């Protein structure tokens, strides 16, 4: 099978690229070659910017693929470009959407693929919904062979799950308080990128997946308190948590607030029955977040240069905590 990944060296896609090569897929990666994550040995590299149509057409030449996956499309205009580029070049087109596109706040749990797409708060999610709508239209009107995949919060060893990244770990290690939105008890789903890859690979070239949407997430549900405590444990310290309402946080930092009110402030529990029917290996194994947290901290501690602290965010957290505690009776 010949497959093209647009991107292919990101947090989620890097594990899929590695597994694809290991499974004998003839993999091509189209990207700018700027990621610090290396392409797997055996992949064919095509260096081009997908947004430069002339350069992309020249780079692809007469290549035809069994499947094309766009890991880095975020707007309907980019999807329109992809439909134009790959209408005659591929037997399947897979769009990487987002589970944040599901209804917020959710009317019921667990979330299934039939849950309505509706996120009035987060622009990122609304753009993903618009991308999906264009692909569904193309499928209905011209049988464009699309498949939609919705990852939730997927991580690798480089990605800390908290807003603020390593600055939060630094605060923990200095004994400072860290912010947890809400009361810390909402449920969240974190998926290791290698687990995602085991669910994703069976979709490639799979005729049953044409015209369908799938989410691929872990079945492990953790509260945000537990997530912070697990990270603190992996960092060798105790976490001092301060619970602050999401809308209070949003008043200080609209970007952080949008990602909370439009996604992370709501419990996220997913029914993965649909993908498990196509991916038995995904159904039978998973990496718990406690092991993932150890992997994350080992990566950061292996090189002090990775331990980047954002002084602006650090001061912002101090400001939010001080304002909130001052408002308490």
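How big is the antiparallel share of DSSP beta bridges in the stretch 51-196, given as a percent to the nearest 5? The antiparallel fraction comes to roughly 10 percent. Computed over the stretch 202-304, the quotient of the alpha carbon radius of gyration and 2.2 N^0.38 Å is 1.40. Under the simplified labelling scheme, the residue 37-residue 295 pair shows an inter-label distance of 1.1 nm, with each label point 7 Å from Cα along Cα→Cβ. Comparing mean-square fluctuations of 113, 142, 220 from a GNM of the chain with C-alpha springs under 10 Å, the top value falls on 142. When only Cα pairs under 8 Å and 6 or more residues apart are kept, what is the percent relative contact order across the stretch 219-281? It rounds to 27 percent for the stretch 219-281. Cα centroid separation, the stretch 264-278 to the stretch 71-101: 22 Å. Which of rounded, prolate, oblate describes the stretch 85-128, given a ≥ b ≥ c as roots of the alpha-carbon gyration tensor eigenvalues and a/c under 1.5 marking rounded, otherwise prolate only if a/b is larger than b/c? It is oblate, given that a/c is not under 1.5 and a/b is not larger than b/c.
Fewest neighbouring Cβ atoms within 10 Å first, the residues 210, 227, 94 line up as 210, 227, 94. Entry note: the stretch 13-163 has Rg to Rh equal to 0.97, where both radii use alpha-carbon atoms and Rh is the Kirkwood radius. Treating each Cα of the stretch 185-251 as an identical point scatterer and summing with the Debye formula, the log10 of I(q)/I(0) at q = 0.28 Å⁻¹ comes to -1.20.
The fraction of all Cα pairs in the stretch 216-264 landing in successive 10 Å bins from 0 to the largest distance is 23, 37, 37, 3, given as whole percents. DSSP assigns beta bridges within the stretch 151-272; of those with both partners inside it, close to 25 percent run antiparallel. Ordered by the number of other Cβ atoms lying within 10 Å of each residue's own Cβ, fewest first, 141, 133 fall into the sequence 141, 133.
For the stretch 81-235, how big is the tail of P(r) above 20 Å, as a whole percent of Cα pairs? Value for the stretch 81-235 (Cα pairs over 20 Å): 58 percent. With neighbours defined as other Cβ atoms within 10 Å of a residue's Cβ, the residues 228, 163 order from fewest to most as 163, 228.
Where only DSSP H runs of four or more residues are counted, the chain gives -11500 deg cm²/dmol as its mean residue ellipticity at 222 nm, each run worth -39500 (n - 2.57).
Checking (1) 54, 27, 18; (2) 42, 21, 16; (3) 35, 22, 19 against semi-axes √(5λ) of the Cα gyration tensor in Å calculated from these atoms, the matching label is (3).
With both residues required to sit in the chain, DSSP beta bridges show an antiparallel share near 10%. Legend: calculated FRET efficiency, residue 49 to residue 114, from the Cβ-Cβ distance at R0 = 41 Å, rounded to 0.05, equals 0.65.
Once you sort the root eigenvalues of the Cα gyration tensor of the stretch 166-215 as a ≥ b ≥ c, which label holds: rounded (a/c under 1.5), prolate (a/b larger than b/c) or oblate (the other case)? Prolate is the answer for the stretch 166-215, as a/c is 1.5 or above and a/b outweighs b/c.
Values in this text are rule-based calculations from the coordinates and carry no lab data. Given the structure is predicted, the values throughout are model-derived calculations rather than measurements. Using ideal geometry, Cβ is built from the backbone for each residue, glycine included, and neighbour counts are taken over all protein chains shown.
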